[in-house]
Structures are given as structure tokens and as C-alpha cells.
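Read through the structure below, which is laid out as C-alpha cells, and then see the notes.
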Amino acid sequence: MSLLTNMRDRGGQINDVFMMNLLEHQVTRVENCVSALQIRHMMTPLKMGISLADQARPIKDILTQVASMMEKYKGINPGQEGSMTKKVQELDESDDD
């Protein structure tokens, strides 16, 4: 909110449009952070007793892992009932080999 303080101190006008744009920007940033944290948690859940620094991974690595998984399951046809579950099970079984 230092932007708001700087504008007020320099005599800039703070109107409703400015405030709505600032609020929208802040909400978008929060949503982006929540999404990134959720993806991180889904891909590599935190383990108790291990420091955050030891579990840290670059977001690039996590997104590469997500892209790889999406590519792997790309052939799934969700239009046919039960086909997704069957295909996922087949792929999981082939990973075990």
C-alpha cells in the first residue's frame, strides 16, 4: 500500500476508480499466490519435521512436473463414461513396471 501513501503525500488524487483498480490488482496478486501455493502443495506436500528450506523447489521444476503429467494423460477421453478412470489406472500400472 506504499503506492497509496506516495500518491497521498505527493498530492495525487485518490478517487474511486483508482481505489478499485488498486484493490483489483491486490486481489489478483493474492489469487496468484494462493494458486501457486496450492499447486506446490498438490505436487509435493510438506513433510513434518523437515525445514521449509530443505523442501524448497523452484516453481519451474514444479510446473515442468505438472506439464509432464498433463502430457502423459493427454490421451484420456473424458467423453466416454469410465474411460478416464480406466486409462489412469492403466497408466499407473505401467509406471509400477
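Miscellaneous remarks
- Take the Cα of Met20, step 7 Å toward its Cβ, do the same at Met70, and the gap between the two points is 3.2 nm.
- Inter-label distance, nm, simple model (7 Å from Cα along the C-beta direction), Asp9/Ser51: 3.6 nm
Bear in mind that the values in this text are calculations on the coordinates, not laboratory data. Not measured: the values here are computed from a predicted model. Please note: Cβ atoms are built from the backbone with ideal geometry, for glycine as well, and neighbour counts cover all protein chains shown.
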